Structure formats: C-alpha cells, structure tokens
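First up is the structure itself, then whatever we jot down about it.
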Amino acid sequence: MGAMHSSSPPALVWFRQDLRLADNPALAAATGGLAAARRILPVYVLDPDAAGRWAPGGAGRWWLHYSLESLGRSLAACGAPLLLVRGRAEIVIPALADAVGAAEVFAGRLYEPWARERDQRIAEALEAAGRQLRLSTSSLLREPTQVRSGSGKPYAVYTPFAKAMAAMGGPAAPLPAPERLQGLEAPPPGEALADWALLPRRGWADAFATVWTPGEAGATARLAEFAAGPVRQYAARRNDPGVDGSSGLSPHLHWGEISPRQVWAAVQAAMPGEVVPGAPAWTFLSEVLWREFSYHVLWHRPGLPEAPLRQRYAAFPWAPDAALLRAWERGRTGYPIVDAGMRQLWRHGWMHNRVRMIAASLLVKHLLQPWQHGAAWFWDTLVDADLAANSAGWQWVAGSGSDAAPYFRVFNPILQGEKFDPSGRYVRRFVPELAKLPDRYLHRPWEAPEPALREAGLILDRDYPRPVVEHAEGRRRALEALAQMVTAA
Ligand code: FAD
C-alpha cells in the first residue's frame, strides 16, 4: 500500500456490527457532521480468527454477505465505496491508517470479550503511531458501564435493570443518514465480496431469502411495517408462533442495520407516552431492554458464553449423547412443537422466542444435554446469532444464568404446544407430516388411535418419531440430575 498523505488527513470508518448509514455515530463523527466535510475510507475487515469459535456461523455468514453487499452499494452511491479486507484487524487497521495517513479510526463499540481485547490491542498499536481509535455507542441504548444500581454495582437481575434504564429516560433522537460522503481519490485496493465465499455451498440457506432482506433498507422497511400496526398487537400476539406477531428485527439489530435508538424512536412515535412498566409500548420495549440486559451481563461477566454464571452448575451431571443432540438438531424429537421450532430454525435461520424457550428446555432438561451444545447449534444456524442474547438465553433456560428461570421448572412440551399453538398452525407449517392429524392429537401424535393415524396418512416411527424420552421420565431424570448437583455442591 503506497502512502497517500495529504494536507487534510482522512479518517478511517471501520464498520463492524453497525452495517448502516443512518444513526451511525462513528460515521457521523468521522465525517465531522452532516456536511460530510472530512474524507473517509470506509472499511470492513473479515477477521474470523480473532473471534475463534464465536466467528459468525453459517447462517450469520449468509446474512453478512448480503448485508455487506447492501452497505457497499449505499456507500458507493454516497461517494465513499466500502473497502473489503481480509486478515487480522490488529494488523490491517493500523496498516491502513498508516497507508492513507488517517489520524483517527472511528468505529462502533463492540462488547464481545474477544472484540474488547482486540480493540484494546488495536488502540495501543494506533496510539504508538500517534493515531487514535475512537469508539462510540452504536449498537446499544446505553453503555453497560453507564447503568449502575444504587450501590454502584452492575445489575444481576433484569427487572431493576429495566426500571433503571426507563428512569434514565429515552435515548437521544437518531441521527439522519448522510446524503453525500467524500471518499478517497485513490483508495487502496480491496477484495471482492464473492471471494470471501460467505454463502453456504449447498442449498441450505435458499429459503432464508423468502423471509429476510438483509441490509439497511430491509431493516428500515421491517421496522416501518412493524411500527405502522403490529406493534400495537404485540402484547396479545407475541407468544403465538403461528402468527408473525413479533418484530423480526433481531438479525437487523444484531448486524446493526438498524439501531436500538431507531427502534425506540419508531415505537415511541407509534405509541406515544412515557415508557414505564405498564405503558402501552412497554411490552415491546422491555424486550429491547432484555437485549440491553444481555449485553450488560456479558460486559460485566465475560465468561457468560462459556461457563455457568452460577458456580454450582459447574457440577451438573450432563449426559452428552451425540444421537440425542442430532435428533434435536434435526427436529426429530417426537415433540411436535419442538420439532417445528428446530425445523423453522433450519429452514429460515430463525425461531420464534417462545419456541426457543421450549426447544432449549427440552434439550437441557429432558435430554440432559449441556446448554453449550444447544447454544453452539443456535450459533451456527440463527441469522440473529448474538453472543450476548444467545448465551444469556441458554443460561436462562439452563437455570445457571443471571436472573435465570429455576431449573426445577420443567416445561411440559406437550402442554406448551397445546397452549401456544392451539390451532396447530405452527406445527402444521413446519412438520407437514402431521398436518392432517386432528387438533386434539397434534401435540401428542403417539396417543392418536389407529383410525386417526390412518386417516392422517401417518405411520409413527416411519413418518414421525415417538418422543425420544417420555415426558414424565424426562422430567424425573432432570430433577434427579439437579438433586445430584445440589448434593455435590
Ligand atoms: P421481538 O419480540 O420483536 O423483540 C424485539 C427485539 O428485542 C428483538 O429483535 C431482540 O433484539 C430483542 N429481544 C427480544 N427478546 C430478547 C431476549 N429474550 N433476550 C435478548 N434480546 C431480546 N436473540 C437474539 O437476538 N440472538 C440470539 O442469538 C438469541 N438466542 C436465544 C437463545 C435462546 C435459548 C433463547 C430462549 C432466546 C434467544 N434470543 C436471541 C432472544 C429472542 O428469542 C430473540 O431475540 C427473538 O425471538 C427475536 O425475534 P424478534 O426480533 O421478532 O423479537
């Protein structure tokens, strides 16, 4: 890379998990405001080694491909094309800053433990060369360090955390997208997105695009659509996996194609009023605060993705079993609501929240598989795979997290199915071999009498499995394992 210093040094804008132009504080700070006075070099670095096992999984890479394509188009249209570089960011970023003579590198702050350590090293490397890494709050409403309990400690329980967030008032208004940007006249050569081979080779992800439109435009459209109507019915419909009652914003939020501030502002505009528990917008916004809480916990307890936060769970007698794990992954556990969820995940890279809880519970309780194994599968197959939310979600289900559901509360997958999918719309959609069963047997096909099975064209064991473990037996084993752990502690 040749030197291209000029009298007014350009700035590097390093896109990471903020793949958008609107409400992007790093971009705004780099350009020096809306006038877009300063020349910038926008860059994305593919650095899978830094994240180790938490590099984006298959579904995440699919998303990233299209999101970068979209971001690249928008940036080029504004006059500052996106540079794609593969390599170790701690080498690439200081070298690029040096090559173009940038005194400052702007980026949105990341909260994953590996990213924090990497940013620390990069900041030091830049400083040693007289340059600065400038991080701004881009993907959260508040920095995890900004929210403190009365005693000055981080929160370990969600409700007081959410109340404290609400008491701090709504976030600042989102920043508009820049209309023009000034790129470099002769930017260093970059790579072609296609060469990164982010898309899976076989047809696995083909159906993702029927549900998702990665990129800022897709994110903005989805938010607008949700805020225009469905948000008002969110409280009533969010637990029904058979309807699209939730926002579907999670992958867009994860990749930062939209910011939580933008989400907050749109929902506030649709449902005005103070945001406090019980307010009309609260049910939805409190979920956005769960996201904040997950990041708060990840920041203060960086071991969250790896090990139980509650020490005693280190002694839990898991019984790893590859065949059981595989049956769960493939949606062949014999519990229709769980199998529907696991197949939705495989087909669309996403699963409804209620079903995530039921499916995860079956894995860690009835099947006694370590939550880390379930989290790893989710990591590879979710388009919204997010280290904070996924790790917190799994530890919540496993009983070992901050503010977790107690392990002894074992979901009954049959009753959960009957309660949340009473019409069977969800199960019939994703487990078509059960579609013709009458509602009363849909969540318990093994109880269907022979004529009902015949009429539905269903042969158990051949077309659809019986439960891999009977519910009462699974529950008993789970509670016994818990008792063993308590004794061991
Ligand atoms: P909505 O109901 O519309 O909620 C709006 C937004 O709030 C979501 O987009 C999301 O950003 C946030 N949110 C909602 N619920 C939660 C929650 N429980 N924890 C944290 N943030 C939340 N969410 C992820 O984004 N990535 C994950 O990898 C992930 N893994 C999970 C694993 C398990 C075992 C469980 C039980 C939950 C997990 N969740 C995860 C949380 C939740 O299931 C999804 O955020 C939600 O289903 C996304 O759909 P939505 O955008 O329609 O949500």
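Taking the Cα centre of segment 164-242 as reference, the dipole from Cβ charges on Lys and Arg (+1) and Asp and Glu (-1) amounts to some 440 debye. May I ask for the net charge around Leu309, where only other residues with Cβ less than 11 Å from the Cβ of Leu309 are counted and Lys, Arg are +1 while Asp, Glu are -1? After counting each charged neighbour, the total is +1.
By the helix-only formula, in which each DSSP H run with n ≥ 4 contributes -39500 (n - 2.57) and the sum is divided by residues, the chain has a 222 nm mean residue ellipticity of -13500 deg cm²/dmol. Restriction of the chymotrypsin sites (Phe, Trp or Tyr not before Pro) in segment 393-489 to DSSP coil positions whose beta-carbon has at most 16 other beta-carbons within 10 angstrom yields Phe408. The fewest-to-most ranking of His300, His254 by surrounding Cβ atoms within 10 Å reads His300, His254. Between Glu274 and Ala236, the contour length at 0.36 nm per residue exceeds the alpha carbon distance by 11.6 nm. Note on the chain: antiparallel DSSP beta bridges, both residues inside, total approximately 0 percent of the bridges counted. From least to most packed, judged by other beta carbons within 10 angstrom and beginning with the fewest, Met168, Met342, Met271 follow the order Met168, Met271, Met342.
Multiplying the residue separation of Asp195 and Gln132 by 0.36 nm and removing their Cα-Cα distance gives an extension gain of 19.6 nm. Were the residues from Arg462 through Ala435 laid out at 0.36 nm apart, the gain over their Cα-Cα distance would be 8.2 nm. Label-to-label distance for Glu473 and Lys419 is 2.5 nm, based on points extended 7 Å past Cα in the beta-carbon direction.
For Lys436, the lysines whose Cα falls under 25 Å of its own Cα, not counting residues fewer than eight places away in the same chain, are Lys419.
Any read-out appearing in this document is the output of simple, stated calculations on the displayed coordinates, not a laboratory observation. Note that this is a predicted model, so its numbers are computed, not measured. Counting neighbours? That spans all protein chains shown, and the Cβs are built from the backbone with ideal geometry, glycine included.
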